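These notes are about the structure you will find just below.
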Amino acid sequence: MAYDLIGKVVLITGAAGGIGAATARELYGLGALLVLTDMQQEAVDQLAQEFDAERVLPLALDVTDVEASKRVVQRAVERFGRLDVAFANAGISWHSNPKTLRICPSDEFRRIVEVDLFGVWNTIQAALPEVIRNQGQILVTSSIYAFLNGLVNAPYAVSKAAVEALTRALLVELGGTGATSSVVYPAWTDTAIVKMAFGGNDLATRMNETVMPSFMRQPIQPQQVARAIVQGMRSRRARIVVPGRWVPFALLRGLLNPLIDSYLQRHKALQKLLRELESGQDGGR
Ligand SMILES: NC(=O)c1ccc[n+]([C@@H]2O[C@H](COP(=O)([O-])OP(=O)(O)OC[C@H]3O[C@@H](n4cnc5c(N)ncnc54)[C@H](O)[C@@H]3O)[C@@H](O)[C@H]2O)c1
């Protein structure tokens, strides 16, 4: 039976971003009550203005702060009486330019993992007691980077693979409780986080164009991701791959990845771009 979203209380992290806001709009249309969280209060306040004030609670939350995450859940319960779904969606990539591991500053690596992995874990920890109590759901935004080679995006890919593992473990551990968890795997989506690889940074853009067939690197709109997420939520799907053209890759990853890694390792044009990228950086570890 479909999971009915009418009256369900859904917490979204990174709600002011492209995918978070689009998902909030879809959920609102299906009758959910929304706890919208992001780094800046003004950003979630602005999004909340689109909705009936009775059905929305906008709160500032940095997901790297577990105590603040717990307070947000408490506020949600005080306001709406319950929390049914937590969508751990906040994420970051490089602060400025993309880097190889050879020149990646250690503190930037840590910061990305802090938000993209530990931020998700903090959200799960904070929300889990309520989600289990209400036989609800945890959804986590991973990425196709959970199974693609993470070249020049390693801390991000590491985190996205890790949250996939986390969410799969959680799914099985929740067996018999009535609560479930889902991994969301969006491909490139037209939001702020992805700008660098699509024109924002010349070398990253050229690398994409060099190694990837064009049909794979067409960014989709956040609304398409949001619709897939909400459909997945309604049917409690454990895996939500969007767009669908990535499903065969997701299924065949065990076979394809060794072949692709080997192909990329020998790719002369890619090697040239990688060295160019490294020589243009200060390498400040
Ligand atoms: N856009 C893509 O191509 C793509 C593909 C796969 C996965 N994703 C993932 O989707 C999720 C949403 O990203 P998006 O594409 O909407 O990008 P976005 O940059 O528009 O949104 C990310 C949001 O997360 C918020 N955020 C960043 N750090 C935070 C922190 N410490 N605490 C709370 N909020 C924080 C930002 O303020 C922003 O609003 C991310 O996890 C991202 O990694 C994006």
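Here are the numbers for this structure:
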| quantity | calculated |
| --- | --- |
| Within a Gaussian network of the chain (alpha carbon springs, distance under 10 Å), most fluctuating of 140, 77, 85 | 77 |
| Qualifying chymotrypsin sites (Phe, Trp or Tyr not before Pro) for region 1-94 [loop in DSSP, other Cβ within 10 Å: at most 10] | none |
| Listed pairs 70/99; 70/195; 8/70; 99/268 exceeding 22 Å between Cα atoms | 70/99; 70/195 |
| Mean Kyte hydropathy of 0.0 or more with a Cα span along the axis of at least 20 Å, helices from DSSP in the chain | 119-133, 154-173, 247-265 |
| Rule-of-thumb Rg ratio for region 46-148 [Cα; 2.2 N^0.38 Å; N residues] | 1.26 |
| Taking the C-alpha atoms of region 9-279, convex hull volume expressed per residue in Å³ | 121 Å³ |
| Contact order normalised by residue count of the chain, Cα under 8 Å, 6+ apart, percent | 20 percent |
| Most mobile listed residue (33, 139, 151) in the chain, GNM with C-alpha springs under 10 Å | 151 |
| Magnitude of the charge dipole, the chain, Cβ model with Lys/Arg +1 and Asp/Glu -1, debye to 20 | 940 debye |
| GNM top mover of 25, 79, 275 - the chain, alpha-carbon springs below 10 Å | 275 |
| Within region 258-274: backbone nitrogen closer than 12 Å to the residue 210 label point (7 Å, Cα to C-beta) | 264-274 |
| Rg in Å to one decimal, and Dmax rounded to a whole Å, for region 160-285 via C-alpha atoms | 17.7, 54 |
| Full-extension gain in nm, residue 231 to residue 255, via 0.36 nm per residue minus C-alpha separation | 5.8 nm |
| Residue 191 accessible area, 1.4 Å probe, all protein chains in place, Å² to nearest 10 | 20 Å² |
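The values are calculated or read from the model by the stated rules, or taken from the named source; none is laboratory data. What you are looking at is a predicted structure, and each value in this text was computed from that prediction instead of being measured. Here Cβ is always computed from backbone atoms with ideal geometry, including for glycine, and neighbour counts include all displayed protein chains. Only protein heavy atoms, including side chains, enter the accessible area calculation; ligands, DNA and RNA are left aside. Shrake-Rupley method; radii C 1.70, N 1.55, O 1.52, S 1.80 Å.
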